[in-house]
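Participant: Please find one structure pasted underneath; my questions will follow.
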Amino acid sequence: NEFEALDFWTANKQLFVKCNLLTSSISAQLNVFNLAGQLVFSKDFAVQSNSQNVFSPNLLSGIYIIKVEMDGEIYSKRLFFF
């Protein structure tokens with residue numbers, strides 16, 4: 001495991017992903033699913049040490065499942081978009 005902490009949150013129709021890495025950089029994939037299980041947004045990105053990535057997935061207000069895959073592990077969280 002190459003990272004210490006991972007957090008997701010939303011604000012102003014944007015999705016924020018913050019990660020504290022133990023290494024300088026790793027590749028990651030962000031997937032956003034609606035409650036019906038449909039993939040509504042996907043993005044590959046590079047995570048830098050102690051960085052914050054901001055995405056604007058242009059989603060309608062509602063509840064979504066956010067999944068981030070890094071270093072062979074998948075982390076997910078249910079988030080509300082308003």
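Participant: If the elastic network links every pair of Cα atoms under 10 Å, which of Gln38, Gln48, Gln14 fluctuates the most in the Gaussian network model of the chain?
Facilitator: For the chain, modelled as a Gaussian network with Cα springs under 10 Å, the answer is Gln38.
Participant: Give me the distance in nm between label points sitting 7 Å out from Cα along the Cα-to-Cβ direction at Asn34 and Asn12, one decimal.
Facilitator: 2.7 nm
Participant: Scan (1) 65; (2) 68; (3) 27 for the value of percent of Cα pairs over 20 Å apart calculated from this model and give just the label.
Facilitator: (3)
Participant: What's the extension gain from Ile26 to Asn50 if we count 0.36 nm per residue and subtract their Cα-Cα distance?
Facilitator: Full extension from Ile26 to Asn50 adds 7.5 nm.
None of the figures in this text is laboratory data; all of them are computed from the coordinates on show. Given the structure is predicted, the values throughout are model-derived calculations rather than measurements. Glycine gets a Cβ as well: all are built from the backbone with ideal geometry, and neighbour counts include every protein chain shown.
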